[in-house]
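The structure appears below as structure tokens.
The values are calculated or read from the model by the stated rules, or taken from the named source; none is laboratory data. Quantities reported herein were computed from a predicted structural model and do not represent experimental measurements. Cβ coordinates were reconstructed from backbone atoms using ideal geometry, including for glycine residues, and neighbour counts include every protein chain displayed.
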Amino acid sequence: IGEDGVLDIVRMLHGTKPQAAVNGTQPDSGAGDAATGESAVESGVESATESGAASAPAADDSAGAQVASVLPYKDVRIDRVRVSDGTFRFSDRSVTPPFATALTGLDVRLDAMSLAPDARPALEVTARLDGQPLSLKGVANPLIKPMYSDLTFSMNGLELVPLTPYALRSVAYPVERGKLYADIRFVTENWVLDAKNKFFVEQLMLGERDKRPDAPSIPIKLGLALLSDSSGNIEIDLPIKGRLDDPKFLTGGIIFKAFVNLIFKVVTSPFALIGNIVGGGGDDAQFSVFEPGSAVLNESQQKSLGTVVEFMHKKPKLKLEIAGFADPDTDPEGLVTVSVRRAVQAAKYQDLSRSERAATSVVDVQVTPDEYAGYLEDAYDAVPEMADDPRPRGLFGFKAQPEAVMEQFLRAQVKVSPEVLDELAANRARAVQEALLALDPSLAPRVSLVGAGRKPVNKPGVALHRAELGVR
């Protein structure tokens, strides 16, 4: 018992300087005011010392006296601890505005706690936090090192608006609306913490960003928009595992750090969520890779964009941005090849009846291998005569030449400039936009094109002759 008349449990058990006194109070912390509690504690304590330990001789008299004064007990058993209808108040003036809260109706049952390494004291805590129920149940032995616990924690409907001081400090946004529900299972054993955290956030709404120069820069609004369902609710599974004797693991709020990591993960790879939400798609839905030189979507790409539309339905706060790109290494040759193909298709298109032409387009015209030579010759002949024209003339126009010669002539007519590549990139973006709006015209206010200044996402293995989606 110390000079203040307080039973010093920690020093009694381990011979170390106490960090807290067991008298119903918590020492003042740097975070704010002292938290006070009202409790009724009923306990039974049994102890036994090592036989003769207190009087054992030491090599050095002064050192021996010091060791004897703090020698820990061999065992201490606390049969039961009870708190009935207690109150625990907490205030924190380190945040702006100051924060205050209270646990009321606090009931605690802790049975059979001891220093035995295999002791598994039963713990049950129920209370109301700002009027909302919470509970902590399982087993926990804080007297042994490393501490053992296997506990489940649940909380229902905690109002998040009062937590605005911490939201401003941590993410630079005030909370205007929202409730938190939590179900947590955590085990600590052999210095390892293994926690399974499930959170449900109902109708979370943040206000305007804090204008302070030193306010944290976290893409929280975009992250929450990606995580929210169509009703504006968020459901998160956030497993955490690490060593309690690792200072890096314990630095800062463990759950908050995990949450911030999750936010950055979904913001940097937003389309990875598609597979979990609507099935299929995934990161591939972000990119529409075109044939070199082409701005025409294939059937697979159309299907992938269908999953994007479903994703947008489930994320009503999101907006899509579409950027098109051209590959300076492969698109010039591709443009030449596609241009020759279009000339042959156009030749056949002209052979179609008026009704057939009305029902199709040049890019959709199919030219069979047997038809190719004939329509290639028509395309070759359709190029207007020019000065120093290399084509030999016949009685009724230009003479037919071998296929390779006619193809080479048509290829020579295609001039690829930087402006042509820019136009190809823009056409690719427009093709994706038109495909999305054809699937759902109501998305028009939420789907926009971005200019040529956008840099492509660094995605190894995805060709640059593409269009890509972004979210905001």
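Brief remarks follow.
- Residue match in the stretch 151-166 (condition: in contact (Cβ under 8 Å) with a residue 12 or more places away in the chain, outside any strand (DSSP E or B) and farther than 29 Å from residue 203 by Cβ): no
- Where residue 416 falls short, out of the listed (1) under 29 Å from the mean Cα position of the chain (by Cα); (2) touching a residue at least 24 places away in the same chain (Cβ under 8 Å); (3) outside any helix (DSSP H, G or I): (1)
- Residue in the stretch 159-166 that is surrounded by 16 or more Cβ atoms within 10 Å (Cβ to Cβ), over 28 Å from residue 216 (Cβ atoms) and in contact with a Phe, Trp or Tyr (Cβ under 8 Å, 6 or more places away or on another chain) present: no
- Scanning the stretch 438-465 for residues that are within 25 Å of residue 226 (Cβ to Cβ), assigned to a loop (DSSP other than H, G, I, E, B) and aliphatic (A, V, I, L, M) returns 450, 457, 462.
- Applying the condition of being in a helix (DSSP H, G or I) and of a type in the set (S, T, N, Q) to the stretch 342-374 and asking which residue is surrounded by the most Cβ atoms within 10 Å (Cβ to Cβ) yields 345.
- In the set 153, 186, only one residue is over 18 Å from the mean Cα position of the chain (by Cα) and at pLDDT 95 or above; that residue is 153.
- Flag for residue 400 being among the small types (Gly, Ala, Ser) and either assigned to a helix (DSSP H, G or I) or within 27 Å of residue 425 (Cα to Cα) (or both): no
- Entirely in the stretch 177-279, the helices (runs of 4 or more DSSP H) that have 3 or more residues that are within 30 Å of residue 123 (Cα to Cα): 247-250, 254-268
- Restricting attention to the stretch 367-412, the residues that are on the phi > 0 side of the Ramachandran plot and touching a Gly at 6+ places or on another chain (Cβ under 9 Å) add up to 0.
- Residue 468 vs. criteria charged (D, E, K, R), exposed (fewer than 13 other Cβ atoms within 10 Å of the Cβ) and outside any loop (DSSP other than H, G, I, E, B): no
- Any hit, the stretch 130-140, residues being assigned to a strand (DSSP E or B), modelled with pLDDT under 95 and of a type in the set (D, E, K, R): no
- Boolean, residue 388 is out of contact with any Lys or Arg (no Cβ under 8 Å at 6 or more places or on another chain) and under 24 Å from residue 412 (Cβ atoms): yes
- The stretch 167-193: number of residues that are polar (S, T, N, Q) and surrounded by fewer than 15 Cβ atoms within 10 Å (Cβ to Cβ): 1
- A residue that is outside any helix (DSSP H, G or I) and either touching a residue at least 12 places away in the same chain (Cβ under 8 Å) or surrounded by fewer than 19 Cβ atoms within 10 Å (Cβ to Cβ) (or both) cannot be found anywhere in the stretch 423-437.
- Scanning the stretch 90-104 for residues being of a type in the set (Ser, Thr, Tyr) and assigned to a strand (DSSP E or B) gives a total of 3.
- Some residue of the stretch 262-281 being among the aromatic types (Phe, Trp, Tyr), more than 15 Å from the chain's Cα centre (by Cα) and either under 30 Å from residue 249 (Cβ atoms) or modelled with pLDDT under 90 (or both): no
- Hits in the stretch 148-159 (condition: touching an Asp or Glu at 6+ places or on another chain (Cβ under 9 Å) and either more than 30 Å from residue 79 (Cα to Cα) or of a type outside the set (Asp, Glu) (or both)): 148, 149, 152, 153, 154, 155, 157, 158, 159
- Qualifying position, being surrounded by fewer than 17 Cβ atoms within 10 Å (Cβ to Cβ), at pLDDT 90 or above and under 20 Å from residue 145 (Cα atoms), among 111, 75: 111
- Looking at 415, 455, just one residue is surrounded by fewer than 15 Cβ atoms within 10 Å (Cβ to Cβ), of a type in the set (Lys, Arg) and closer than 21 Å to residue 267 by Cα, and that residue is 455.
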